[in-house]
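First up is the structure itself, then whatever we jot down about it.
The values are calculated or read from the model by the stated rules, or taken from the named source; none is laboratory data. All values reported here derive from a predicted model rather than from experimental measurement. We place every Cβ from the backbone using ideal geometry, glycine too, and count neighbours over all the protein chains shown. Note: accessible area is taken over every heavy atom of the protein model, side chains too, but ligands, DNA and RNA are not part of it. Shrake-Rupley method; radii C 1.70, N 1.55, O 1.52, S 1.80 Å.
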Amino acid sequence: MSFDLNRSEDQRQILDAAGALLATGFPVARLREGRPDDLAPLAEFGAFSLSVPEPEGGAGFTLVEEALLHALLGRHLVSPRALAATLAAAVARRAGMADLAAAFAGLERQACLAVASGGDILLLDPANAEMALLFEDRGLALVEIAHAQPEAGLGRSLAVARMPGDAGAVARSDDARVLATADLLVSAQLLGVAEAPRALAVAYAGLRQQFGKPIGAFQAIKHHCANMAIAAEMLSAQLDIAAIALADGRPDAEFQVAALRRLAPRTALANARACVQIHGGIGFSAEADAHHFVKQAHLLSRLGEARPILDLPAPMAPLRPAHERT
């Protein structure tokens, strides 16, 4: 088994263009203003239909490019409505609703993410959204938003609303490919959430001084930063392998995606928490941006259930007949 993990020229161009767009329009500092993200520039960029074939109105790239783009969205803490637009379009497309899928990808119809909560449906950043993409245990459902009431959100990071849980589904999908794509893109955003706090912590460790020297000169801080870097690189490598395996239809794709979905939440949460600790007292305040990454990591970690990895054959292990397995 071999993978080419070098970025192609097309991939570099896409990521450079997306990086420039996000740096200009979506700096993390914008979250201090508490305004909903305007995703129109991303829709114009084609971010929500990147892996859709050109005859169907998409850009014609693969899940690899889409995953790399979503990692960038995670780094900039772009509203989860960006993930909702991509996945809602995928669910609608799989259900044969091509017009609705195109409307989601172009933001003519807007969707938000949703999770079940105490018999209700909790809507995540529902600004201007008409429909919600509900994450069930191992399934996705598109539901109309009705009778939603705002409630206390995630501090200054995200608005939240609650609606009754008896909404009927416009479309529902338990298709393995759609669910694997959801796992891949959620994990990609978690990678971005793991990478950005690493960079933020390293920058702060070089700036903040104690006892006449930058705190990054102290061994304890060095170890934290090194652990964050190793964890992010490990997750990045697994994302590359899972994305390539899924895009190529390799027999180990399900295992690689399941492993990725298990690794991503713990890595993002650990790095976000370490970033807060390295910042010290200010890391727990609204003045610093570190807390936004902790909240985003928690949010993304609760989107659906990861597939049980022990149900899948390991890619380099012989598969025994079912009657021999215990």
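Observations on the structure shown:
- Assigned charges on the beta-carbon of Lys, Arg, Asp, Glu; the chain dipole about Cα centre (debye): 1300
- Selection among 315, 244, 285 by position relative to the dipole of the stretch 197-326 gives 285 as farthest towards the positive end (Cβ unit charges, Cα centre).
- Within the accessible area of the chain (1.4 Å probe), percent carbon and sulfur: 54
- Whole-number percent relative contact order across the stretch 82-170, with pairs defined as alpha carbons under 8 Å at least 6 apart: 24
- Rg(Cα) / (2.2 N^0.38 Å) computed for the stretch 56-176, rounded to two decimals: 1.04
- Rounded accessible area per residue of the stretch 172-326, 1.4 Å, Å²: 49
- Local electrostatic count, residue 58, Cβ distance below 13 Å [Lys/Arg +1, Asp/Glu -1]: -3
- For the chain, calculated [θ]222 nm from helices alone, where every DSSP H run of n ≥ 4 adds -39500 (n - 2.57): -16500 deg cm²/dmol
- Where N is the number of residues in the stretch 1-125, Cα Rg divided by 2.2 N^0.38 Å: 1.12
- Note on the stretch 212-266 and the stretch 156-205: Cα centroid distance 17 Å, given to the nearest whole angstrom.
- Answer label for Rg and Dmax of the Cα atoms in Å (calculated), chosen among (i) 19.9, 67; (ii) 21.5, 70; (iii) 24.9, 81: (i)
- Cα shape, the stretch 142-187, gyration tensor, a/c 1.5 rule: oblate
- For the residues 62, 181, a 1.4 Å probe over the protein chains yields an accessible-area ranking, largest first, of 62, 181.
- Applying the Kirkwood pairwise sum to the alpha-carbon positions of the stretch 97-236 produces a hydrodynamic radius of 18.0 angstrom.
- Shape analysis of the stretch 172-222 places it in the prolate category; the axes a ≥ b ≥ c from the Cα gyration tensor give an a/c of at least 1.5, with a/b above b/c.
- Dipole of the chain, positive end: most advanced residue of 25, 132, 268 [Cβ charges, Cα centre]: 268
- Solvent-accessible heavy-atom area per residue, rounded to whole Å², over the stretch 1-79 at 1.4 Å: 50
- For the listed peptides 9-17, 239-247, 105-113, a ranking on the average number of other beta carbons within 10 Å per residue, highest first, reads 239-247, 105-113, 9-17.
- A simple spin-label model places pseudo-atoms 7 Å from Cα toward Cβ; at residue 44 and residue 217 they are separated by 4.8 nm.
- Only one residue of 171, 160, 187 has its Cα farthest out toward the positive end of the dipole of the stretch 153-195, where Lys and Arg carry +1 and Asp and Glu -1 on Cβ, and that residue is 160.
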